[in-house]
Amino acid sequence: MPVGVDPTRASIARVYDAFLGGKDNYEIDRQVRDGVLTEAPYAAHMAVENRDFLIRSVRFLAQQTGITQYLDCGSGLPTAENTHQVVQRVNPDAEVVYIDNDPVVLAHGRALLEENDHTTLVDADIFAPEDVLDNDVVRAHIDFTEPIALLHIGTLHHYEGPADKPAEIMRRYYERLPSGSFVALSHFLDPENEHTPMARRAEEKFRHSPMGSGSFRTMEEIRSLFGDLELVEPGVIRLADWWRDGPRLTPLNEAQHCIAGGVARKP
Ligand code: SAM
């Protein structure tokens, strides 16, 4: 077990791994997952939707924007298709820098995410933009005079400070990105419809669990996280509707109503 890991405290990365059916989690993490599932039986689909969006949005960025450098904030535990695998399938020389601060992610990630000379994992606080943007290793791998793809996927709902702070955090990132950069972002959604009670029950469970975070925001609040950037079509939307692979043959399930995001460009 890596130094700094307390098996009595759940971690965001390990709970997410448990929701995705991974093996890098402890009993305490599975207890958090199971507690949420009793209130929100579809919650596991939110993790799957989120991961699918990461893969689709990153593939889009790699194929269509020509961007060759990716800053993946809150990378999570290595799983089946990680950002560098998706991106480097399109461009083997694309540079991917992963940021996380979870000791288990840092230990497993060094082994699995740093697969080649163009992938790097950095220990920094993703809610402190300057910590990331001024990090020496980040700056050794990312050229801040060329467009960058910034990923904040499934991260900001774990920020537990003042409610208006995530928009300010993102603004501080955007200020430092060169023109032509893109951001992909996703967040738990309060859909303000008949699924709101499920969203709020899941939020209650997440926030009062040994993991301690998981806030749901309205569509308008999530839109504000993109600041003044130009949204790529179809804008900020439920992830299930963001450029799916084919036509929808089944209705959205409850969890698919409760996670949203989008992609935007800095002019
Ligand atoms: N982005 C991945 C995805 O969408 O599949 C993983 C999302 S996971 C839910 C959130 C990740 O953010 C976890 O790996 C967690 O350790 C990391 N994280 C949370 N707070 C952080 C912080 N302040 N600094 C760095 N990483 C953080």
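The values are calculated or read from the model by the stated rules, or taken from the named source; none is laboratory data. Keep in mind that this is a model prediction, so the values were computed, not measured. Glycine also receives a Cβ, built like all others from the backbone with ideal geometry; neighbour counts cover every protein chain displayed. Quick note on the areas: whole protein, heavy atoms, side chains included, nothing else; ligands and nucleic acids left out. Shrake-Rupley method; radii C 1.70, N 1.55, O 1.52, S 1.80 Å.
Computed quantities for the displayed model
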{"quantity": "Inter-residue pairs, beta-carbon under 9 Å, first within 17 Å of Glu81 (Cα to Cα) and more than 12 Å from the ligand (Cβ to nearest atom) and in the stretch 103-116, second at pLDDT 80 or above and hydroxyl-bearing (Ser, Thr, Tyr), 6+ apart", "calculated": "Glu114/Tyr98; Glu114/Thr120"}
{"quantity": "Near pairs, Cβ below 6 angstrom, 6+ apart or cross-chain, from the stretch 122-138 (free of Cβ contacts under 8 Å to residues at least 40 places away in the same chain) to any residue that is open to solvent by less than 50 Å² (accessible area, probe 1.4 Å) and near the ligand (Cβ under 8 Å from one of its atoms)", "calculated": "Val122/Ile99; Ala124/Ile99; Asp131/Ala124; Asn135/Ala124"}
{"quantity": "Filtered residues of the stretch 170-216 (kept if at pLDDT 95 or above and among the basic types (Lys, Arg))", "calculated": "Arg171, Arg172, Arg176"}
{"quantity": "Single condition Arg89 does not satisfy, out of (1) closer than 17 Å to Leu151 by Cα; (2) open to solvent by 10 Å² or more (accessible area, probe 1.4 Å); (3) assigned to a helix (DSSP H, G or I)", "calculated": "(1)"}
{"quantity": "Residue within the stretch 51-65 that is more than 16 Å from the ligand (Cβ to nearest atom) and in contact with a Gly (Cβ under 9 Å, 6 or more places away or on another chain) present", "calculated": "yes"}
{"quantity": "Residues being of a type outside the set (Asp, Glu) and free of Cβ contacts under 8 Å to residues at least 60 places away in the same chain - total across the stretch 148-169", "calculated": "7"}
{"quantity": "Top-ranked residue in the stretch 21-47 [being among the aliphatic types (A, V, I, L, M) and surrounded by fewer than 18 Cβ atoms within 10 Å (Cβ to Cβ); ranked as nearest to the ligand (Cβ to nearest atom)]", "calculated": "Ala44"}
{"quantity": "Helices (runs of 4 or more DSSP H) (entirely within the stretch 104-207) containing at least 3 residues that are at negative phi and open to solvent by 40 Å² or more (accessible area, probe 1.4 Å)", "calculated": "136-141, 165-176, 196-207"}
{"quantity": "Top-ranked residue of the stretch 56-70 - restricted to ones that are of a type outside the set (S, T, N, Q) and open to solvent by 30 Å² or more (accessible area, probe 1.4 Å), ranked as farthest from Cys258 (Cα to Cα)", "calculated": "Gly66"}
{"quantity": "Of residues in the stretch 1-55 being aromatic (Phe, Trp, Tyr) and under 20 Å from the mean Cα position of the chain (by Cα), the one nearest to Ala260 (Cα to Cα)", "calculated": "Phe53"}
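One line per residue, one yes/no per condition, for (1) touching a residue at least 12 places away in the same chain (Cβ under 8 Å); (2) among the β-branched types (Val, Ile, Thr); (3) more than 18 Å from Leu156 (Cα to Cα):
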position: Leu61; (1), (2), (3): yes, no, yes
position: Ser75; (1), (2), (3): yes, no, no
position: Thr79; (1), (2), (3): yes, yes, yes
position: His84; (1), (2), (3): yes, no, yes
position: Val87; (1), (2), (3): yes, yes, yes
position: Asn91; (1), (2), (3): yes, no, yes
position: Glu95; (1), (2), (3): yes, no, yes
position: Tyr98; (1), (2), (3): yes, no, no
